[in-house]
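Novice: Let me give you the structure first, and then I'll get to my questions.
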Amino acid sequence: MARTQCFAEKRGGTWRGRYPDADGRMRSTSGFPTRNKALQAARAERAKLENEAAKNAAKKERAAKGKTTLAEWIAEIWPTWDIELTTRANYSAPIRLFILPEFGDRPLVSLKREEIDAWERALVDERGYSVEYIRGARRRLHTILADAVNGGPPASAAGAAKPARIGPTPRRRRSGPPRTTRCCSPSGVACWPVRPSSSGSC
């Protein structure tokens, strides 16, 4: 039976450490005066192999996620966001109304800063949504992209205005009349901004 643990063995007047590699083959490091030193060296070499294997697995995982579309990724991570129900409803509105229609069928790695900038400007300048609201939508997009890699925003998330966070964003005072009104679903759970209409209805 193949060994799976590190051990030390005497070789002439010195000791050598033995450790299994990722394929189960035994490797060695030798020339140590004591058994403990040989065993410590073997464990250190084994740890290096394990760390390298973990890094390679992480790279493969990131590459696989890069082929995933934004819509598929949102469907995967949305249930994992630990936020309150009302906050979840507020977050879902910009995702459903702005992010998915524009980028939902795109691979994660294909998103670029320039097109995210253009998307943000168009929502404000051409469709009349408030700067504050669309910045919130961009922060949601940043959070989604940053979650695609563990440890920070990927290159495709470079368009984020600033680091995103899970949780309600602080309210800001706004001068002048609002550029949009808010309409809510019959249940009152989801609300979204719309341009004011002459009839005053949603």
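The values are calculated or read from the model by the stated rules, or taken from the named source; none is laboratory data. Here the structure is a predicted model, which is why all the values come from computation and not from measurement. Note that each Cβ is placed from the backbone with ideal geometry, even for glycine, and that neighbours are counted across all protein chains shown.
Novice: Within the stretch 17-33, which residues are in contact with a strand residue (DSSP E or B) (Cβ under 6 Å, 6 or more places away or on another chain) and not in a strand (DSSP E or B)?
Specialist: The answer is ASP21, and nothing else.
Novice: Sticking with this structure for a sec: ALA44: part of a loop (DSSP other than H, G, I, E, B), out of contact with any strand residue (DSSP E or B) (no Cβ under 7 Å at 6 or more places or on another chain) and more than 30 Å from LEU145 (Cα to Cα), yes or no?
Specialist: So ALA44 does not fit the description; no.
Novice: Is one or more of the residues making up the stretch 104-118 in contact with a strand residue (DSSP E or B) (Cβ under 8 Å, 6 or more places away or on another chain), under 27 Å from GLU61 (Cα atoms) and outside any loop (DSSP other than H, G, I, E, B)?
Specialist: yes
Novice: On the given criteria, is TYR133 out of contact with any His (no Cβ under 9 Å at 6 or more places or on another chain), over 30 Å from ALA22 (Cα atoms) and in a loop (DSSP other than H, G, I, E, B)?
Specialist: It is false that TYR133 is out of contact with any His (no Cβ under 9 Å at 6 or more places or on another chain), over 30 Å from ALA22 (Cα atoms) and in a loop (DSSP other than H, G, I, E, B).
Novice: When you scan the stretch 80-102, do you find a residue that is assigned to a strand (DSSP E or B), under 14 Å from LEU145 (Cα atoms) and in the same structural domain as ARG139 (by TED's automatic domain parsing), even just one?
Specialist: Within the stretch 80-102 (the criterion being assigned to a strand (DSSP E or B), under 14 Å from LEU145 (Cα atoms) and in the same structural domain as ARG139 (by TED's automatic domain parsing)), the answer is no, since none of the residues qualifies.
Novice: Which one of these is free of Cβ contacts under 8 Å to residues at least 24 places away in the same chain and under 30 Å from PRO101 (Cβ atoms): GLU72, GLU52?
Specialist: Sole residue among the options that is free of Cβ contacts under 8 Å to residues at least 24 places away in the same chain and under 30 Å from PRO101 (Cβ atoms): GLU72.
Novice: Moving to a separate point now. Give the residues of the stretch 8-28 that are over 37 Å from the mean Cα position of the chain (by Cα) and surrounded by 15 or more Cβ atoms within 10 Å (Cβ to Cβ), sorted by residue number.
Specialist: ALA8, TRP15, ARG16, GLY17, ARG18, SER28
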